[in-house]
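Below: one structure, written as structure tokens.
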Amino acid sequence: MKEKISPPVYSQIALDIALRISREELKENTKIYGRSVMSSEYGVSPETIRRALKLLEDMGIVEVRKNSGVVILSVEKAKDFAQRFSEQNDTRLIERNLRKLLEQQHSLNEQISEMVSHLVRTNDKFSKSNPFQNYEIDIPADSPLIGKSLMDLMFWHKTGATIIAIRRKDKVILSPGPYAVLLEEDTIIFVGDISTIETVSSYVSKAEQSPE
């Protein structure tokens, strides 16, 4: 939904009168009704009508003659006023939306900064308390590990990594014992330093058929 900015009531009334003049509903060189009539028509106070007419007079569209009424001077200037009013209103809307976006950007930057700081603090804390990271690796269909137990595979001895869980479809087997058997499409979750990643990957794909 397009947002709109509502200008002051007197300027809206000035715009309406200018549009009526530009459409020649109100003719050049003719008088328009007085403030009291217009205030009734627009449902506003005579002071609001006075301010609207003063704005039109400043634009050279009408002339307010004391004790004589208001005379329409220029249809062309009424058209120019209506065009400029529309452009200015669009500009105000753009400026307002831009301010909102800048405020949102500032707020978002603060949130990002706070989250990054929190992440750094968390990682530092975790690194100090646990030097090992969790890693995952899928068991390929042709892996020689398939059908063998963890005890038979001597996983830690061969890789330096410790299996802490096995993900099997929608099930997770935590702390699998030595008799846990690896199946095709299992995902091994293990801990170790970063050097174990390549070792585990190689072992899963190229393990000896008859491990020690």
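Bear in mind that the values in this text are calculations on the coordinates, not laboratory data. None of these values were measured; they are calculated from a predicted model. Please note: Cβ atoms are built from the backbone with ideal geometry, for glycine as well, and neighbour counts cover all protein chains shown.
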Inset, instruction - Under a cut-off of 19 Å between alpha-carbon atoms, report the aspartates and glutamates in cross-link reach of residue 100, not counting same-chain residues fewer than 8 places apart. - result: 3, 90, 110
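Using the Kirkwood formula on the Cα atoms of region 127-205, what hydrodynamic radius do you get, in angstrom to one decimal? The partial results should precede the final answer.
On the way: mean 1/r = 0.0793 Å⁻¹.
By the Kirkwood definition, the hydrodynamic radius is 12.6 Å.
For the pair residue 96 and residue 31, what calculated FRET efficiency results from E = 1/(1 + (r/R0)^6), where r is the Cβ-Cβ distance and R0 = 30 Å, to the nearest 0.05?
On the way: r = 38 Å, r/R0 = 1.28.
My answer for the efficiency is 0.20.
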Inset, instruction - Run through all the Cα pairs of region 1-79 and give the fraction in each 5 Å bin from 0, expressed as whole percent. - result: 3, 16, 27, 26, 16, 6, 3, 1, 0, 0
